[in-house]
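A short write-up of the structure that comes next.
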Amino acid sequence: MTSKPTRRKKAGMSDSELSFHSAQQDTPLLEDDRSASITTEEAETPRMDNVPEKLSLSANYEDPSVDGASSAAEKDASPPGDSGGSSGGDGDGDGAGDGPQSKSHRMMRRLGSSFLIPLTDQRGSPTSIAIGLFCLALVGTTLGFVMPKESSLPTPAWRTISSIVGYTYFICWSISFYPQVILNYKRKSTAGLSNDFSVLNVAGFSCYATYTCCFFWSKEIQDEYRQRNGAESEITVQSNDVAFAVHALVLCAVQVGQIILYGGLRAQPLSKPVQLGLVSSGVLVAVYAALIVWRVGPGKGLLWLDFLYLLSFVKVAISVTKYIPQVILNIRRKSTVGWNIWNIILDFTGGCLSIVQLIGDSADLSDWSGIAGNPAKFALGFVSIIFDIIFFLQHYVLYPEHAEESSNSEPLLDNYDTESLI
């Protein structure tokens with residue numbers, strides 16, 4: 001008699017599957033323990049497929065600081081002969097970056113940075129002012145000793161001092177135009193710079209350049225000057241005066257070109273008083289020159305010397321006028337942003353030194369007609385000093401927070417990507 005199977009074969013189940021199913025049912029306790037063990041391990045160990053994507057990506061992240069530390073450790077662990085000699089060391093791995101060449105290189109870089117302070121600094125702190133002016137005085141002293149002296153000065157010592165003072169104020173006044181030009185270029189804007197001031201500067205320095213060049217080179221003008229002031233009267237216009245006037249005219253023209261290029265005239269047209277003043281001055285100068293050519297006037301007619309004096313007074317009048325729009329613009333904006341402070345520092349220094357040289361030359365010559373015969377230079381220095389003091393008050397006293405804001409947000413020579421540094 002054949003025994004019946006204890007388990008019925010399910011439909012569609014093969015013999016192997018039936019055998020495996022039977023084995024599972026025959027050992028229930030063993031399988032339950034195993035299942036419980038697996039469940040416990042899964043509860044204690046988190047699944048890797050549930051880890052957030054950021055954590056999984058962090059495994060592939062390479063920390064640069066770790067790499068730097070590891071590379072430094074590898075360098076320290078390497079033999080002495082394998083240490084790089086390009087850093088200025090002697091190959092022993094100790095103080096490789098502190099060799100004589102590296103130290104001298106750093107000193108040269110710091111020295112160069114000191115000479116560039118008037119061009120790169122916007123804050124105008126006491127330290128930066130002292131260092132910047134000292135470097136400019138050093139350059140002026142060098143030029144004063146090397147360049148030709150004014151032979152008409154009788155005292156040799158003052159002849160050298162006058163040359164030093166002259167070239168120092170020439171450097172200060174000449175460099176004073178560059179920070180503003182660089183600032184406009186970096187900002188691609190002339191906002192904060194008065195267009196009236198810039199245009200009047202071009203007109204004024206056109207008159208002053210003509211005045212100095214004629215006094216320095218024209219024999220006719222020199223003869224007319226001596227006929228009026230005495231045969232022994234010396235002309236106090238020197239070569240550094242001529243160089244400054246021509247250089248200033250070129251830089252002022254560049255500033256006006258920047259205003260046109262960056263759309264400054266559309267945003268801030270010239271004021272009507274300035275337009276009227278420029279037209280009136282132009283007509284006056286043209287009429288006076290025509291009268292000289294046609295020999296109209298007392299005696300033989302008007303002299304070209306008087307024409308140059310007219311240009312000098314136009315220059316002084318423009319110097320007084322040109323600062324007023326900038327002062328008003330700073331007051332309206334309650335800020336000096338866009339008006340570089342080193343323009344004022346150097347202009348103030350140059351004005352003081354200009355007056356010192358003029359008075360010293362006149363005293364050494366025992367001829368004070370140099371002041372009366374050179375009124376443009378004397379008056380120009382005083383006018384600059386007065387308005388520079390006003391600008392100092394605006395920058396450091398009235399609107400210091402805006403000046404600080406400008407120095408932090410608008411570097412002159414270097415554009416830094418701040419996002420890459422964070």
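Here are a few things to note about the model shown:
- Ranked by how many other beta carbons lie within 10 Å on average, peptides 142-150, 311-319 from highest: 311-319, 142-150
- Packing-based ranking, highest mean first, of 340-350, 244-254 given that Cβ atoms within 10 Å are counted: 340-350, 244-254
- For region 92-246, averaging the sequence separation of C-alpha pairs within contact (under 8 Å, six or more residues apart) and dividing by the residue count gives a relative contact order of 19 percent.
- Spatially, region 205-248 and region 268-336 are offset by 19 Å when compared through their Cα centroids.
- Measuring nothing but protein heavy atoms, the accessible surface of region 144-266 at 1.4 Å probe radius is 64 percent carbon and sulfur.
- Residues ARG109 and THR142, FRET efficiency given R0 of 25 Å [Cβ-Cβ distance, rounded to 0.05]: 0.75
- Of LYS188/LYS315; LYS149/LYS219; LYS186/LYS334; LYS186/LYS315; LYS103/LYS186; LYS219/LYS315, those spanning more than 27 Å from alpha-carbon to alpha-carbon: LYS188/LYS315; LYS186/LYS315; LYS103/LYS186
- Listed residues PHE170, THR160, SER189: farthest to the positive end of the dipole of region 106-198 (Cβ charges): SER189
- The mean accessible area for residues of region 130-201, using a 1.4 Å probe and ignoring ligands and nucleic acids, is 39 Å² per residue.
- With 0.36 nm allotted per residue and the present C-alpha distance subtracted, the ILE260-ALA289 stretch has 7.4 nm of extension available.
The values are calculated or read from the model by the stated rules, or taken from the named source; none is laboratory data. Just so it is clear, the structure is predicted and the values come from calculations on it, not from any experiment. We place every Cβ from the backbone using ideal geometry, glycine too, and count neighbours over all the protein chains shown. The accessibility values were calculated without ligands, DNA or RNA, using every heavy atom of the protein model including side chains. Shrake-Rupley method; radii C 1.70, N 1.55, O 1.52, S 1.80 Å.
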